[in-house]
1. In the range 369-409, how many are free of Cβ contacts under 8 Å to residues at least 60 places away in the same chain, open to solvent by 40 Å² or more (accessible area, probe 1.4 Å) and touching a helix residue (DSSP H, G or I) at 6+ places or on another chain (Cβ under 8 Å)?
2. Would you check if ASP236 is of a type in the set (D, E, K, R), free of Cβ contacts under 8 Å to residues at least 40 places away in the same chain, surrounded by fewer than 18 Cβ atoms within 10 Å (Cβ to Cβ) and part of a loop (DSSP other than H, G, I, E, B)?
3. Return the residues of the range 138-154 that are buried (at least 18 other Cβ atoms within 10 Å of the Cβ) and assigned to a loop (DSSP other than H, G, I, E, B); say none if nothing qualifies.
4. Confirm whether TYR169 is open to solvent by less than 10 Å² (accessible area, probe 1.4 Å), at pLDDT 95 or above, in contact with an Asp or Glu (Cβ under 9 Å, 6 or more places away or on another chain) and under 22 Å from THR103 (Cβ atoms).
5. Could you tell me how many of the residues in the range 334-358 are in contact with a strand residue (DSSP E or B) (Cβ under 8 Å, 6 or more places away or on another chain), open to solvent by 20 Å² or more (accessible area, probe 1.4 Å) and free of Cβ contacts under 8 Å to residues at least 60 places away in the same chain?
6. TRP157 is checked against (1) out of contact with any strand residue (DSSP E or B) (no Cβ under 6 Å at 6 or more places or on another chain); (2) farther than 19 Å from GLY211 by Cα; (3) open to solvent by 30 Å² or more (accessible area, probe 1.4 Å); (4) touching a residue at least 60 places away in the same chain (Cβ under 8 Å) and fails just one. What number does that condition carry?
7. So for the range 257-269 (the condition being surrounded by fewer than 20 Cβ atoms within 10 Å (Cβ to Cβ), out of contact with any Asp or Glu (no Cβ under 9 Å at 6 or more places or on another chain) and not in a loop (DSSP other than H, G, I, E, B)), does at least one residue qualify?
Amino acid sequence: MKRVLGLGLLFCGVSAFGQATFHGNIARTGVYESAGPVQLKGVKWTFKTGGAIVASPAIADGVVYITGMDGHLFAIDQETGKEKWNFKSRMPIASSPAVSGGTVYFVSSAGSLAAIDATTGKPKWVFATEFERKFEAKNLHGYPSPAQTIPDAWDIWTSSPAVSNGKVYFGSGDGNIYAVAADTGVELWKVQTKDVVHASPAVFNNTVYIGSWDSNLYAINAETGDEKWSFKAGEDNTIHNQVGFQSSPAVVDGVVYVGCRDGHVYALDAANGHKKWDYSTNKSWVNGTPAVRDGVVYVGTSDSSRFMALDAKTGRLRWNFAAKAYMFSSAALAGDQAYVGDHNGKLYAVETKTGKLAWEFQVEASKKDPMKVLNADGSLNQEAFAPVFGDFEDMYLDTYRFISIGAILSSPAVDKGVVFFGSMDGSLYALQ
């Protein structure tokens, strides 16, 4: 058992609000009941934080909850955009919050799961993991020196918790997958993997599905922690580029859909882990979580800068949308549109049937583009990404370049006809 700080209140069950967790629900399907804006009328409100936002908003009881790299969890009035309260963590927060039973849960970059009172912003309890770290490897992405262990700047997020049946499930940089009691924070079980676990769990049919940087996707009994099966994706033991799960799985109709940094989208039988199909992206990472509805899988890619619709049964490509820049954001499906963010600082509304652009919104930092990292069409100016240090430090400099244009790694949430998302410009946006 782990020591916890403070006491929790009685857990009241899973929130009825589907958008109160990452990617819409604990099966992570990305489907929202409320339609979003068919045409962009404008910005309803903007809330400014003190640092970049890479996590995704959760909405419950008229409040939008968002975490930021300034170390804050904010509670914001859904209608007015005014702050209700904030909680300060001692380190940046890259986990999307989950709201359930009057409690907001997030995974700290300091290596803990925090439970915060949704009404007051006061901590209920904190569960400490063994430690937290980024994915790291020698010769990572081919950067010199081959002898130096390099932390991956593209390991952006920490795990976003899933709350189900009185338990909170999440992954940790210590390589473990945890289940803790939602009301007290007491450890119920943990499963050790062979590397960092920063993907977010999906929970369906008493099973927890989650991927690790060890390139395994695990299916775990939600009650006991017993492994049901594991699926091994591709490996890259040379430069560790084509390896690991950052994408979280989406579970629909007995199938697990998940992207991988090995350049594939996988469809696996939820009962036994057998592969139904895989779609190759020609070595382009798939870091976003697939959104699945009505027999179609929607997901973006990194280097090839695509947003795709795949047939859920066969994996065949239905359409391609040219996203112009890297796409780590996971799409929200609402009405007849998919809403998804892009590294170029644009939010796209794409028609789900045709793949055509309905509208786009560009943050001000992207329009100003102070470091001239974008071309006129929104694609990346490769000359602006020329190496400066000639080693892994260039990877971190690239991160700063994307902060300068307000890249959108956050995954949108849709409610009452409004799209909510965060940007690396430090703002939470509400578009109507």
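1. Total satisfying the criteria: 6.
2. Considered against the rule, which asks whether it is of a type in the set (D, E, K, R), free of Cβ contacts under 8 Å to residues at least 40 places away in the same chain, surrounded by fewer than 18 Cβ atoms within 10 Å (Cβ to Cβ) and part of a loop (DSSP other than H, G, I, E, B), ASP236 comes out as yes.
3. Answer for the range 138-154, where residues must be buried (at least 18 other Cβ atoms within 10 Å of the Cβ) and assigned to a loop (DSSP other than H, G, I, E, B): ASN139, TYR143, ASP152, ALA153, TRP154.
4. Working: open to solvent by less than 10 Å² (accessible area, probe 1.4 Å): yes; at pLDDT 95 or above: yes; in contact with an Asp or Glu (Cβ under 9 Å, 6 or more places away or on another chain): no; under 22 Å from THR103 (Cβ atoms): yes.
Criteria not met by TYR169.
5. 4
6. Just one mismatch for TRP157, condition (2).
7. Scanning the range 257-269 turns up at least one residue that is surrounded by fewer than 20 Cβ atoms within 10 Å (Cβ to Cβ), out of contact with any Asp or Glu (no Cβ under 9 Å at 6 or more places or on another chain) and not in a loop (DSSP other than H, G, I, E, B).
The rows are residues; the columns are (1) under 15 Å from SER248 (Cα atoms); (2) surrounded by fewer than 24 Cβ atoms within 10 Å (Cβ to Cβ); (3) free of Cβ contacts under 8 Å to residues at least 40 places away in the same chain; (4) of a type in the set (Asp, Glu).
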| residue | (1), (2), (3), (4) |
| --- | --- |
| VAL180 | no, no, no, no |
| ASP183 | no, yes, no, yes |
| GLN192 | no, yes, yes, no |
| VAL197 | yes, no, yes, no |
| ALA202 | yes, no, no, no |
| TYR209 | yes, no, no, no |
| SER215 | yes, yes, no, no |
| GLY225 | no, yes, no, no |
| TRP229 | no, yes, no, no |
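The values are calculated or read from the model by the stated rules, or taken from the named source; none is laboratory data. Just so we're clear, the structure is a prediction, and the values are computed from it rather than from any experiment. Neighbour counts are summed over all protein chains in view; Cβ atoms, including those assigned to glycine, are modelled from backbone coordinates with ideal geometry. Side chains included, ligands, DNA and RNA excluded: accessible areas come from the protein's heavy atoms. Shrake-Rupley method; radii C 1.70, N 1.55, O 1.52, S 1.80 Å.
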